[in-house]
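The values are calculated or read from the model by the stated rules, or taken from the named source; none is laboratory data. Predicted model only: the values in this text are computed from it and were never measured. Here Cβ is always computed from backbone atoms with ideal geometry, including for glycine, and neighbour counts include all displayed protein chains. With ligands, DNA and RNA removed, areas are computed over all heavy atoms of the protein, side chains included. Shrake-Rupley method; radii C 1.70, N 1.55, O 1.52, S 1.80 Å.
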Amino acid sequence: MSTIDSLPPLRDVINTHDLRARKSLGQNFLLDLNLTAKIARQAGDLTQCDVLEIGPGPGGLTRGLLAEGARRVLAIEKDRRCLPALAEIAQHYGDRLQVIEGDALEIDPLAHLTPPIRVAANLPYNIGTELLVRWLTPPEWPPFWQSLTLMFQREVAERIVAQPGSKAYGRLAILAQWRTDARIVVNLPPEAFTPPPKISSAVVHLTALEQPKFEADAATLSRVVAAAFNQRRKMLRAALKGTAPDIEDRLLAAGIKPTERAEQISLEGFCALAREIAKS
């Protein structure tokens with residue numbers, strides 16, 4: 001018996017279905033159902049929400065989300081070996097779980113979800129950052145989701161919440177903190193997973209803001225930040241010379257010294273610079 005529902009413990013599920021984690025799919029399975037339920041709780045009250053889960057694997061977090069009362073869960077899984085285990089969960093929880101086999105980078109989840117929507121996932125390491133950037137840079141804001149509760153490598157989590165002046169501060173911090181409130185809510189050691197990865201992990205909770213913290217054109221801000229941090233050791237006047245012919249004047253108009261480097265500039269500073277560059 002598991003501790004959150006009457007389904008078998010995850011270790012038994014993995015043995016029954018021969019679900020050895022595959023490195024090629026970025027898989028590391030979290031087997032402690034009390035821990036997956038704790039992560040599910042970080043997503044808040046789910047009783048009135050549909051939840052999107054990417055890479056459910058054998059279904060540990062899936063069961064946590066359903067046990068915590070999620071109105072409905074859409075789980076997208078690329079590894080067809082996991083489908084029988086997920087089907088057992090769907091049979092237990094009825095129509096509250098829908099499983100789609102496929103690549104999360106290619107599937108439109110909105111065809112299967114009803115707002116309000118939250119995202120909760122132990123993201124496969126090999127697509128986690130790409131998915132996050134997509135969710136943070138939609139064509140329109142607010143996005144389709146209310147919040148993201150996502151597990152990453154600890155290093156990636158620290159990049160999301162990093163502040164100016166730190167080595168971790170960069171493009172992810174700017175994109176995340178411009179439009180969301182982001183914080184690390186759970187830390188996980190390697191031994192929590194099967195097989196244990198070589199690094200620690202962390203869960204980040206991002207709450208979508210109705211409006212960005214500072215005015216800026218999204219495309220311009222993304223372009224400026226990408227250029228600035230692509231050459232983060234250079235002074236900004238050199239790193240950004242391709243973004244505007246009079247970049248020194250634009251930097252000064254935004255209140256930024258041309259000799260400063262990207263990691264020294266606040267979110268507000270980058271937004272001011274994006275507004276200046278958008279004027280051209």
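Would a scan of segment 191-200 turn up a residue that is at negative phi, modelled with pLDDT of 95 or more, open to solvent by less than 60 Å² (accessible area, probe 1.4 Å) and hydrophobic (A, V, I, L, M, F, W, C)? So far as segment 191-200 goes, no, none of its residues is at negative phi, modelled with pLDDT of 95 or more, open to solvent by less than 60 Å² (accessible area, probe 1.4 Å) and hydrophobic (A, V, I, L, M, F, W, C).
Scanning segment 22-46 for residues that are over 14 Å from Lys78 (Cα atoms) and of a type in the set (Gly, Ala, Ser) turns up Ala37, Ala40, Ala43, Gly44. Scanning segment 1-43 for residues that are touching a strand residue (DSSP E or B) at 6+ places or on another chain (Cβ under 8 Å) and part of a loop (DSSP other than H, G, I, E, B) gives Leu19, Ala21, Asn28, Leu31, Gln42, Ala43. Being closer than 17 Å to Trp145 by Cβ, modelled with pLDDT of 95 or more and open to solvent by 50 Å² or more (accessible area, probe 1.4 Å) is a property that Arg72 has. With the condition kept exactly as written, say whether any residue in segment 129-145 is out of contact with any strand residue (DSSP E or B) (no Cβ under 8 Å at 6 or more places or on another chain), basic (Lys, Arg), surrounded by fewer than 20 Cβ atoms within 10 Å (Cβ to Cβ) and part of a helix (DSSP H, G or I). Yes, segment 129-145 has at least one match.
Total residues in segment 160-181 satisfying the condition of being surrounded by fewer than 22 Cβ atoms within 10 Å (Cβ to Cβ) and either within 12 Å of the chain's Cα centre (by Cα) or closer than 27 Å to Asn34 by Cα (or both): the figure is 2.
Within segment 103-121, count every residue that is in a strand (DSSP E or B) and either free of Cβ contacts under 8 Å to residues at least 40 places away in the same chain or of a type outside the set (A, V, I, L, M, F, W, C) (or both). Steps first, answer last, please.
We begin by selecting, within segment 103-121, every residue in a strand (DSSP E or B); these are 117-121.
With the extra rule that they be either free of Cβ contacts under 8 Å to residues at least 40 places away in the same chain or of a type outside the set (A, V, I, L, M, F, W, C) (or both), the set shrinks to 118.
Within segment 103-121, residues that are in a strand (DSSP E or B) and either free of Cβ contacts under 8 Å to residues at least 40 places away in the same chain or of a type outside the set (A, V, I, L, M, F, W, C) (or both) number 1.
Count of segment 40-52 residues, restricted to those that are open to solvent by less than 10 Å² (accessible area, probe 1.4 Å) and either in contact with a Gly (Cβ under 9 Å, 6 or more places away or on another chain) or at pLDDT below 95 (or both), is 2. Every listed requirement among (1) crowded, with 22+ Cβ neighbours inside 10 Å; (2) farther than 16 Å from Ala43 by Cβ is met by Ala120 save one, (2).
Taken over segment 116-173, the criterion of being of a type in the set (Lys, Arg) and farther than 21 Å from Ala75 by Cα is satisfied by Arg154, Arg159, Lys167, Arg171.
Within segment 1-39, the residues that satisfy the criterion of being under 18 Å from Glu101 (Cα atoms), open to solvent by 30 Å² or more (accessible area, probe 1.4 Å) and among the aliphatic types (A, V, I, L, M) are Ala21, Leu25. Pairing each residue of segment 177-198 that is touching a residue at least 60 places away in the same chain (Cβ under 8 Å) and over 30 Å from Pro138 (Cα atoms) with any residue that is among the hydroxyl-bearing types (Ser, Thr, Tyr) and surrounded by fewer than 14 Cβ atoms within 10 Å (Cβ to Cβ), provided the two are 6+ apart or on different chains, yields no C-beta distance under 9 Å.
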